[in-house]
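Undergrad: Please see the structure below; I have some questions.
The values are calculated or read from the model by the stated rules, or taken from the named source; none is laboratory data. All of these numbers come straight from a predicted model, not from anything done at the bench. Quick reminder, even Gly has a Cβ in these numbers, built from the backbone with ideal geometry, and neighbours come from all protein chains shown.
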Amino acid sequence: MKNLNLFILLLFNSVLFAQTPFIKDDIEYTNAGQPALAVEIKSYKGTATSLALPSSVTNDANSTTYTVASIGFGAFFGSSLTSVTIPNSITSIGNNAFTNSKLENIDIPDTVTSVGAYAFSDNSLKTATISNTITSLEDHVFSNNDLTTITIPNSIISVGSNSFSFNALTSVIIGDNVELIDNNAFYNNKIADITIPSNVTSIGDNAFMGNELKEITIPNSVTSIGENSFSENYLTHVVLGSNLTFIGNEAFADNLITNVESYSANPPILPSDAFNVNAAIDLFIPEGTTQKYEDAGWTGFKSVTEDPALTLSTDSASLKNEFTIINTENDIRVSGPKGINVEELLVFNISGVNVSTSKQTFIETTTLPHGVYLLQIVTNKGSAVKKFLK
């Protein structure tokens, strides 16, 4: 019993000591808000340009070793660090943790499950690797850096406001599970090509404003496109998915758009300035929807063409009343009437390059980037070609 009491007393003292911040090797630690025998980095007192953070630290005052579990609010704010190594013991990085430092690269280990707002903003980051366990990128987390490429892992569900604004991004891969791209997320970069994943439902104001995009395909999952979301790019071709319910003012303004394809059978209200200069644009819409588009404000275009192919954005569509096309997220399936046998299916991109072939009555599309494609159906009675949206 005496030994047990002694152990409890020692544990109590070690926790009590840790509650009082202590400094080791220019790093200030505190136990506040942490489990017993774990500490958070509170601040940095040094001037080093390169630092490997420890996974554990011993408080000399009580000779107790603690796990370094988190990096606190503003811990390295304004430091001289150009390089920092984050150990696998770290599970969270607080708001403004490294703001206004001089970091040139960062590797966030998979043990980190949360990174706060502005955590790495206003540095000199050229590369960043994001943990596969983080589910959201908070506001301004990597804003105002020098990033040229970024891969957003599949764990991410939301990309916060200004997450990557004011960088030099030319290559961006957005994870398949992202649902929200918030306001200004990629504002003022150099992105020339982007694939919007099929789980995205909302694209915020100014999200891709001020980039170098030449064409964009909005997948069927997207219901809302915010104000100026794609303005000030070099867009010439825009493809809009079938489920849009909102397009914000100047969403595609200040571009070079000559061609818009809209797959919606029930179009959203179109602001008069959404495309800036409608008179230069050829608009393609589903069959039998001209009146609906006019009633929703889609007027003043150079030409309006009802294209039967655009009905293929729905789950099932008829092909010249001879075939049924079922267009899913993973494949396209074709069935025909008795006596007409499907012998081959071929998919071509908009440049006319054959990107997939199948001798079956279905063809997988999982590996195809989102965009517009041509489906050629070869049968014992001839062949037919239709456009579809992936």
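Undergrad: Scan (1) surrounded by 16 or more Cβ atoms within 10 Å (Cβ to Cβ); (2) modelled with pLDDT of 90 or more; (3) assigned to a strand (DSSP E or B) for the single condition THR305 breaks and write down its number.
TA: (1)
Undergrad: If you check ALA117 against the conditions, is it within 20 Å of THR82 (Cβ to Cβ) and in a loop (DSSP other than H, G, I, E, B)?
TA: no
Undergrad: It is to be established whether one or more residues within region 7-26 are more than 20 Å from PHE98 (Cβ to Cβ), touching a helix residue (DSSP H, G or I) at 6+ places or on another chain (Cβ under 8 Å), at pLDDT 50 or above and not in a strand (DSSP E or B).
TA: Among the residues of region 7-26, not one is more than 20 Å from PHE98 (Cβ to Cβ), touching a helix residue (DSSP H, G or I) at 6+ places or on another chain (Cβ under 8 Å), at pLDDT 50 or above and not in a strand (DSSP E or B), which makes the answer no.
Undergrad: Right, here's the next one. Of everything in region 210-229, what is over 15 Å from the mean Cα position of the chain (by Cα) and assigned to a loop (DSSP other than H, G, I, E, B)? Give them in sequence order.
TA: GLY210, ASN211, GLU212, LEU213, LYS214, ASN220, THR223, GLY226, GLU227, ASN228
Undergrad: Another question, if that's okay. Determine which member of the set LEU53, LEU37 is hydrophobic (A, V, I, L, M, F, W, C) and under 29 Å from THR149 (Cβ atoms).
TA: LEU53
Undergrad: Could you list, in sequence order, the residues of region 153-182 that are hydrophobic (A, V, I, L, M, F, W, C) and part of a loop (DSSP other than H, G, I, E, B)?
TA: ILE156, ILE157, PHE164, PHE166, ALA168, LEU169, ILE174, VAL178, listed by residue number.
So that you can scan it fast, the table gives a plain yes or no per residue for (1) touching a strand residue (DSSP E or B) at 6+ places or on another chain (Cβ under 7 Å); (2) within 17 Å of SER231 (Cα to Cα); (3) modelled with pLDDT of 95 or more; (4) not aliphatic (A, V, I, L, M):
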| position | (1), (2), (3), (4) |
| --- | --- |
| SER131 | no, no, yes, yes |
| ILE156 | yes, no, yes, no |
| ASN184 | no, yes, yes, yes |
| ASN189 | no, yes, yes, yes |
| ASP193 | no, yes, no, yes |
| SER202 | yes, yes, yes, yes |
| GLY210 | no, yes, yes, yes |
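Undergrad: Can you go through ILE157, ILE181, ILE173 and tell me which one is crowded, with 17+ Cβ neighbours inside 10 Å and either among the β-branched types (Val, Ile, Thr) or over 13 Å from the mean Cα position of the chain (by Cα) (or both)?
TA: Going through ILE157, ILE181, ILE173 in turn, the sole match is ILE181.
Undergrad: Hey, another quick one. On the basis of being in contact with a Lys or Arg (Cβ under 6 Å, 6 or more places away or on another chain), closer than 29 Å to GLU261 by Cα, of a type in the set (Ser, Thr, Tyr) and free of Cβ contacts under 8 Å to residues at least 60 places away in the same chain, does THR151 make the cut?
TA: No.
Undergrad: From the list ALA97, ALA61, which one is in a loop (DSSP other than H, G, I, E, B) and surrounded by fewer than 14 Cβ atoms within 10 Å (Cβ to Cβ)? Don't jump to the end; show me each part of the working.
TA: Details: ALA97 fails: surrounded by fewer than 14 Cβ atoms within 10 Å (Cβ to Cβ).
Answer to the selection: ALA61.
Undergrad: If you check ASN132, ASN144, which single one turns out to be free of Cβ contacts under 8 Å to residues at least 24 places away in the same chain, within 29 Å of ASN255 (Cα to Cα) and surrounded by fewer than 23 Cβ atoms within 10 Å (Cβ to Cβ)?
TA: Going through ASN132, ASN144 in turn, the sole match is ASN144.
Undergrad: For GLU138, all conditions in the list (1) surrounded by 19 or more Cβ atoms within 10 Å (Cβ to Cβ); (2) of a type in the set (Asp, Glu); (3) within 20 Å of ASN228 (Cα to Cα) hold save one; what is the number of the exception?
TA: (3)
Undergrad: Being under 16 Å from LEU53 (Cβ atoms) and in a strand (DSSP E or B) is true for just one of ILE150, ILE106. Which residue is that?
TA: Just a single option satisfies the conditions, and that option is ILE106.
Undergrad: Yes or no: region 316-330 includes at least one residue that is at pLDDT 80 or above, under 20 Å from ASN259 (Cβ atoms) and surrounded by 12 or more Cβ atoms within 10 Å (Cβ to Cβ).
TA: No, region 316-330 has no match at all.
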